[in-house]
Structure formats: C-alpha cells, structure tokens
Amino acid sequence: THFGYEKVAVNEKESRVREVFDSVADSYDVMNDLMSSGLHRYWKDYLLQISAVESMAKAVRRSISTDQTDNNPLLHILDVAGGTGDVAFRFIEAANCVERSKSSGKDPIRITVCDINAEMLQVGERRARAKFGNSLLDDSQALQFQQGNAQDLCDFADCSFDLYTIAFGLRNVTDVDKALSEAHRVLKPGGRFMCLEFSQVPNPVLRQIYDAYSFNAIPAMGEFIANDRHSYQYLVESIRMFSNQDELVLRMQQAGFQHVKYTNLTGGIVAIHEGWKD
Ligand code: SAM
C-alpha cells in the first residue's frame, strides 16, 4: 500500500478477522456510533479518564521543561488493535501533543497504534491528519501507526512501554493468552495493562434486553448501512464467546499480571480490566 504497511503472516482465523475488518473499515466509525448509540465514546472516555494519562503527561511535561538534555522521559503507550485510532487520539488530546508539535516542543507521550489490519490503520492515519494536521505525524513522533499482531509483538522490545491499551480488540485475537503474555512482555516493570472489552451482563433482565437488541438489531443495521450482515453477525457472536469478567481476571493473572481488577460499565455490557507488571 502507499502507506507502506507491511503484510504480516497470519493464520486462517486471523485472516478471517482481517477480512471482517477490511470490509468494515470505511463504515467502521459510523457503525460504532449507531450500534452503541454513541456509548462507545463514553466507554473510551472513561478508559482515558482512569488511565490518568493526562496527569502523567503533565508530570512528564514538567520534567521536560526542566531537563535540557535529550534524554527526556516520555510516556510510552502501545495501543494494540488500535484500529482507526479512537483511543490513541484521546491520549494525544489529553497530553496536549498537537500544540507541542506546532511549537516544536518535546512531546510528553509517544503512542504507537498497532493493528493487524492495514486498512484500519490507513483510515486511522487519514483521520489523524485531518484532525491534528500533518506535523503531528511528520515532525513529531508522538503518534505512530504500525501493523502488527497482538499475539506476536515481535517489533517491540521487552520492557519498552509504560502503558498497554487494547480496546474492543482482545476478543478478536485467536490466542488470547498469547496476546496477554506478549502484553506483559512489552511492558516495563511497573507498567500497566488496560483492556476495554465487551463482557457479560450479570443482571438477567438487562441481559435479555441486550440479547434481543444485539442478535436482531445489530446484524440488521450492518446489512442496511454497510451492506454486510455477516461481519456484524460475527461481531455479535464473538462477544458471546469471549471470557466473562472473572475468567479474564484469571487469564491475566496466569499471564503474570498483578493487582488485577475490573470495572463494569453500562451494567457489564463492557468492562475495563487492569493489571500491572511487577
Ligand atoms: N481499538 C479500536 C476502537 O476501539 O475503536 C478498534 C477496535 S476494532 C472492534 C478491533 C480491531 O482489532 C480491528 O481493527 C482489527 O483489525 C484488530 N485486530 C484483530 N485481531 C488482531 C490481532 N491479532 N492483532 C492486532 N489487531 C487485531
């Protein structure tokens, strides 16, 4: 592609997932808003809020302004399955990177959006240029897009990130445990893992309403708006097959994470799981 993303080797299920996101890439953002009635924005905002990136970036900025050497501390963030950049853009805004890139000041954060799908990354890069201007991507290194597989983050060194985020991505990965141990590997000691993902609704009444909505309305909307019922059917099914809150806690602990906890949002339709590397 003219964006220069290299193809990575993938197995069969991965290429199926890739096909799904290839076919939805262009309509992805509109569909997100429609299917969740805009709730995904609130869920992502909440992730940003509890990530405390804003206050961490402030602390880093303070140290940058007093440090004249080039060895400035940066908050390194890896947003895996980052798709069209929604989570990364929130971090960029919170850390005030755009103004810094205009005044050629040092960036307090560096965030890499990693996704298996080149089409999603291309949409993301186009959106980033439209939203933040070219200088953020061309002159500063605050925001980068890189194709890669959550299960094998071979382009990233051990202990290289302060924060790993994955939003609505983990359930698409073939081998979730492998992805979790890769997340653990690339985090620095003390680094934090955050996963925003659909989960299981514990309340039976709410669950019935939610099931009726997702099994009927979402594939229908997919057909009507994106002319692609199957991809959206797949998305709904993948939500039901994925681990519930407690199962994911266990899997994170098995991957080596400490102090693992989760927060339910919107009655458990989604949950944010967090864990730390010792
Ligand atoms: N994080 C973004 C958001 O919240 O808007 C995108 C979420 S989208 C539902 C899921 C993304 O996961 C897609 O962009 C897809 O290409 C990506 N994905 C699926 N399997 C992956 C894998 N094994 N490694 C990396 N990304 C993957």
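Where a number appears in this text, it was derived from the coordinates with a stated rule and is not lab data. Keep in mind that this is a model prediction, so the values were computed, not measured. Cβ coordinates were reconstructed from backbone atoms using ideal geometry, including for glycine residues, and neighbour counts include every protein chain displayed.
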By how many nm would the segment from Glu237 to Gln146 lengthen if fully extended, with 0.36 nm per residue of separation less the alpha-carbon distance? 30.0 nm
Nearest 10 degrees, 0 to 90: what angle lies between the long axis of helix 245-254 and the longest principal axis of the chain (Cα atoms)? 50
Size of the dipole of region 172-239 about the Cα centre, Lys and Arg at +1 and Asp and Glu at -1 on the beta carbon, nothing else charged, in debye to 20? 340
Row for region 153-220, column shape: gyration tensor on C-alpha, a ≥ b ≥ c, rounded if a/c < 1.5 i.e. under 1.5, prolate if a/b over b/c, else oblate; value prolate
Residues other than Glu54 with Cβ under 11 Å of its Cβ, Lys/Arg counted +1 and Asp/Glu -1, net out at +2
Ellipticity estimate at 222 nm from DSSP helix runs (n ≥ 4, -39,500 (n - 2.57)) divided over the chain, nearest 500: -14500 deg cm²/dmol
Just add up the charged neighbours of Lys188: K/R +1, D/E -1, any other residue whose Cβ is under 10 Å from the Cβ of Lys188. 0
Provide the per-residue ³J(HN,Hα) series for region 262-273, in order, calculated from phi with Karplus coefficients 6.51, -1.76, 1.60 and θ = phi - 60°, each as a whole number of Hz, with x at glycine and proline positions. 9, 10, 7, 10, 6, x, x, 4, 10, 9, 10, 9
With a ≥ b ≥ c the root eigenvalues of the C-alpha gyration tensor of region 139-278, is it rounded (a/c under 1.5), prolate (a/b larger than b/c) or oblate? oblate
With +1 on the Cβ of every Lys and Arg and -1 on the Cβ of every Asp and Glu, and nothing else charged, how large is the dipole of the chain about its Cα centre, in debye rounded to the nearest 20? 640
Is the shape of region 238-278 best called rounded, prolate or oblate, per the rule: a/c under 1.5 gives rounded, else a/b larger than b/c gives prolate, else oblate, with a ≥ b ≥ c the square roots of the Cα gyration tensor eigenvalues? oblate
When the Kirkwood radius is taken over all Cα pairs of region 64-222, what Stokes-Einstein diffusion coefficient follows at 25 °C and 0.890 mPa s, in µm²/s? 142
Local electrostatic count at Arg240 - Lys and Arg +1, Asp and Glu -1, tallied over other residues with Cβ under 15 Å: -2
Report the label-to-label distance for Gln208 and Ser63 in nanometres (one decimal), using points 7 Å from each Cα along the Cα→Cβ vector. 5.4
Which angle between 0 and 90 degrees, to the nearest 10, do you get for helix 229-241 versus the longest principal axis of the chain when only C-alpha atoms count? 80
What is the Rg over Rh value, at two decimals, for the chain, using alpha-carbon atoms and the Kirkwood definition of Rh? 0.96
Quickly rank 84-97, 14-27, 250-263 as a protection proxy: mean count of other C-beta atoms within 10 Å, highest first. 84-97, 14-27, 250-263
Using a simple charge model, +1 on the beta-carbon of Lys and Arg, -1 on the beta-carbon of Asp and Glu, nothing else, what dipole does region 77-206 show about its Cα centre, in debye to the nearest 20? 380
